[in-house]
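Colleague: Attaching a single structure in structure tokens format; questions to follow.
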Amino acid sequence: MKKIYILFALILICLTPLFAGRYAGDFMMIGSGVRALGMGGAFASLADDGSGIYWNPAGLSFLTDSEVSAMHCFLYNNLASYDHITYAQPLPNDVTICLNVTRLTVSDIPHFDEKYLIGTNVDQRINNSLYHLPGVPDSKFSSYDDLYQFAFSKKIHYDANMGWLFFAVPFDFGFGGTVKLIKRSIWDRTGTGTGLDIGFKAKTDLAVIFDWEELGDLHFGVNFQDIGGTDITWDTPSKISDEVLFNTKTGLAVVQPLPKLKSVVTLAYDYDYVYGGTNHFGVDWEYDKKGNLRLGYYDNSFSAGATIKLYGVMLDYALITNPVGISNRLGLRVRF
């Protein structure tokens, strides 16, 4: 069965140039951050941890502590492995910078040399058993998709004065951008490209707006991914180029404290415009700042996750379902 999956993956990888302009950047859409994926990818309006470098770089400026995070998982019935490591560093004046490295690996892809068939005809290959394909690969190789990202984010606070009869509404605005280098390798060919994401985030206090002390915060975010066009150019004689499609992520979230229950409940919604549009729904429940449970729904698939917190160390887990199969994702975040 594993050989069937390997062959299927090999066909997909080899046909990638035929789908240029549509699927070239799909490995980046797997997403980063176990917490975000456990919420079904409804994270563009929050993006307040290191994974914001993917979901919305504007949210990085809302980080108050340095953070190192990492994720590892196996995809497609253990056919591929997916890893990333991120470092986010807040700076003075509400500025945050972030670095991320992501790799998708497909290993043990069979290679059939078949040089001995050169110069033979169909009749020879049918009638002579020496020319029959044995079904045993001559060698194996791996395919790598690498993504390197650098993000810069700035937060600005503004009190909107509603007049002397009213009140000042507090707003926190985040602005951010991500520069990324993409490198894809298969057999002896390599494709490279660069891209740019630009994000915006706004946060306000519903308790002030509605004069109701128990209300929480409202978050809004938008992320323009691969703005201006991103091309991956291969080092083939034809210099074939694949286009990564432009995408817009928009999100809205409500973060509601429940002091009597020592809890915070977050409801989030995202919409991706690429490929005809995808809805993402997520809910997160935090108890006493010690742990979280979460659920998500997107594209007819479900996700769930949990976090255990201890002295600035957060262990994240997510279970993701999709048409290809179920995957388990494990992540670690450390804040200091």
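Colleague: Give me, ordered by chain and number, the residues 5 or more places off residue 112 or on other chains with an amide H under 5 Å from its own placed amide H.
Modeller: 138
Colleague: DSSP loop (so not H, G, I, E, B), at most 13 other Cβ within 10 Å: list which chymotrypsin sites (Phe, Trp or Tyr not before Pro) in region 109-205 pass both filters.
Modeller: 112, 164, 166, 187
Colleague: Whose amide H sits under 5 Å from the amide H of residue 246, counting only residues 5 or more places off or on another chain, with H placed in the peptide plane?
Modeller: Under 5 Å from the amide H of residue 246: no residue qualifies.
Colleague: Further, regarding this structure: How large is ³J(HN,Hα) for each residue in region 121-131, as worked out from phi by the Karplus curve 6.51 cos²θ - 1.76 cosθ + 1.60 (θ = phi - 60°), to whole Hz, x for Gly and Pro?
Modeller: Karplus values, whole Hz, x for Gly and Pro: 10, 4, 4, 5, 6, 7, 8, 9, 5, 5, 9.
Colleague: Right, something else. Quote to one decimal, in nm, the extra length available between residue 81 and residue 288 on full extension: 0.36 nm per residue of separation minus the C-alpha distance between them.
Modeller: Between residue 81 and residue 288, full extension yields an extra 71.1 nm.
Colleague: Could you run the Karplus curve 6.51 cos²θ - 1.76 cosθ + 1.60 with θ = phi - 60° over region 86-93 and give me ³J(HN,Hα) per residue in whole Hz, x for Gly and Pro?
Modeller: Per residue, the Karplus-derived 3J(HN,Hα) values read 9, 10, 10, 10, x, 10, x, 6 Hz.
Colleague: Over the chain, what is the mean sequence separation of C-alpha contacts under 8 Å (at least six apart), divided by residue count, expressed as relative contact order in percent?
Modeller: 20
Colleague: Relative to the longest principal Cα axis of the chain, at what angle does helix 2-14 sit, 0 to 90 degrees, rounded to 10?
Modeller: Tilt relative to the chain: about 80 degrees.
Colleague: Helix-derived [θ] at 222 nm for the chain: sum -39500 (n - 2.57) over DSSP H runs of at least 4, divide by residue count, nearest 500?
Modeller: It lands at -2500 deg cm²/dmol.
Colleague: Can I ask one more? Taking N as the number of residues in the chain, what value does Rg over Cα atoms divided by 2.2 N^0.38 Å take?
Modeller: In units of the 2.2 N^0.38 Å rule of thumb, it is 1.17.
Colleague: What ³J(HN,Hα) values, in whole Hz, does the Karplus curve 6.51 cos²θ - 1.76 cosθ + 1.60 give for region 320-336 when θ = phi - 60°, with x put for Gly and Pro?
Modeller: 10, 10, 7, x, 6, x, 9, 10, 10, 10, 10, x, 9, 10, 10, 10, 8
Colleague: With a 1.4 Å probe and every protein chain left in place, tell me how much accessible area residue 314 has, in Å² to the nearest 10.
Modeller: 20
Colleague: From largest accessible area down, sort 294, 335, 35; use a 1.4 Å probe on the protein chains.
Modeller: Order by accessible area, largest first: 335, 35, 294.
Colleague: Same structure again: Give the separation of the Cα centroids, region 32-49 to region 161-210, in Å.
Modeller: Rounded to whole Å, the Cα centres lie 13 Å apart.
Colleague: Same structure, new question: Which percent of the accessible area of the chain is formed by carbon and sulfur heavy atoms (probe 1.4 angstrom)?
Modeller: Roughly 64 percent, rounded to a whole number.
Colleague: Within the chain, which is the longest segment that contains none of the GluC sites (Glu not before Pro) sitting in a DSSP loop with at most 10 other Cβ atoms within 10 Å?
Modeller: Within the chain, the longest run free of exposed GluC sites (Glu not before Pro) spans 214-336.
Colleague: In the structure displayed, which of 154/183; 262/309; 203/249 lie more than 22 Å apart, Cα to Cα?
Modeller: Result: 154/183 exceed 22 Å.
Colleague: Hey, another quick one. I'd like the FRET efficiency for residue 120 and residue 279, computed as 1/(1 + (r/R0)^6) with the beta carbon distance as r and R0 of 45 Å, rounded to 0.05.
Modeller: 0.25
Colleague: With a probe of 1.4 Å, find how much accessible area region 33-335 has per residue, and write the answer as a whole number in Å².
Modeller: In whole numbers, region 33-335 has 51 Å² accessible per residue.
The values are calculated or read from the model by the stated rules, or taken from the named source; none is laboratory data. Just so it is clear, the model here is predicted, and its values are computed rather than measured. With ideal geometry, Cβ positions are generated from the backbone for all residues, glycine too; neighbour counts draw on all protein chains shown. With ligands, DNA and RNA removed, areas are computed over all heavy atoms of the protein, side chains included. Shrake-Rupley method; radii C 1.70, N 1.55, O 1.52, S 1.80 Å.
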